[in-house]
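Working notes for the structure below.
The values are calculated or read from the model by the stated rules, or taken from the named source; none is laboratory data. Owing to the predicted nature of the structure, the values given are computational and were not obtained by experimental measurement. Cβ placement follows ideal geometry from the backbone for every residue including glycine, while neighbour counts extend to all protein chains displayed. When the accessible area is computed, the model is the full protein with side chains, heavy atoms only, and any ligands, DNA or RNA have been set aside. Shrake-Rupley method; radii C 1.70, N 1.55, O 1.52, S 1.80 Å.
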Amino acid sequence: MATHTTFSGESKATSAIPADEPAFKRRELRSMRLERPGEAKSDLLEKVVYVNRCAKVVKGGRRFSFSALIVAGDQKGQVGYGFGKANEVADAIKKGTEIARRSLIRICLNDHTIPHDVEGNFGGGRVILKPASPGTGLIAGGGVRAVVEAAGIRDVLSKSMGSSNMANVVKATLNGLRQLRLRADIMQRRGLTPPPTGVQPPVNNQAK
């Protein structure tokens, strides 16, 4: 019989974590930047979305294992995630970080926001992202905020409409970001010439 408990991740590498640690009882998840001593600083922004503890009851007592969901990005249009599992929190975070660095994808950005509305789906997760004017900030929380912040998006509106499972929310957000396309790229594929910057397309008023 295994029980699962979710708690906020710790960035310090610890050899053992007591079972009565108060952090295990915290329900609110917060993103944290990983800073591991003794390692060269990377230009990637790494965030712990959540750490999960699993307790397996055996004859001699309980055995604990941990899983960590990590989001990494260069804040310039590249972002990825990783899911690591280990018997220690530090090892799980390290595995997840390595996987996240290897799974980076390039997304299309329009200055510091996204070029158009998009909806991402994965499993029970459903996330809606909309572009925002400069100065709006990140109207997002949880896994969505970690992903868009690591990707380098500064102004965006978002809404999570489906499952609250962090893994599905992160994957749904990445699914939506993969669908982003710039207007110039779409017109080039269609063999059209994009209008000069600042020129608005003509409006057809005959439909009224």
Compare the peptides 82-90, 124-132 by average per-residue count of other Cβ atoms within 10 angstrom and give them in order, highest first. 124-132, 82-90
Enumerate the amide H contacts of Y50 below 5 Å, restricted to partners 5 or more residues apart or on another chain; note that Pro and chain-start residues carry no placed amide H. L69
Please report the accessible area of S133 (heavy atoms, 1.4 Å probe, ligands and nucleic acids excluded) in Å², nearest 10. 70 Å²
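So which of K85/K130; K130/K171; K76/K171; K56/K95; K95/K130 end up more than 29 Å apart by C-alpha? The partial results should precede the final answer.
Working: K85/K130 33 Å; K130/K171 17 Å; K76/K171 19 Å; K56/K95 21 Å; K95/K130 32 Å.
Correct reply: K85/K130; K95/K130.
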Sites R190 and K85 - FRET efficiency at Förster radius 35 Å, r taken between beta-carbons, to 0.05: 0.15
Peptides ranked, highest mean first, by Cβ atoms within 10 Å: ranges 109-115, 166-172: 166-172, 109-115
Let me know the Kirkwood hydrodynamic radius for the stretch 56-208, please, with Cα pairs as the basis and the value in Å to one decimal. 17.5 Å
S164 to H116: extension gain in nm, 0.36 nm per residue of separation minus the Cα-Cα distance? 14.9 nm
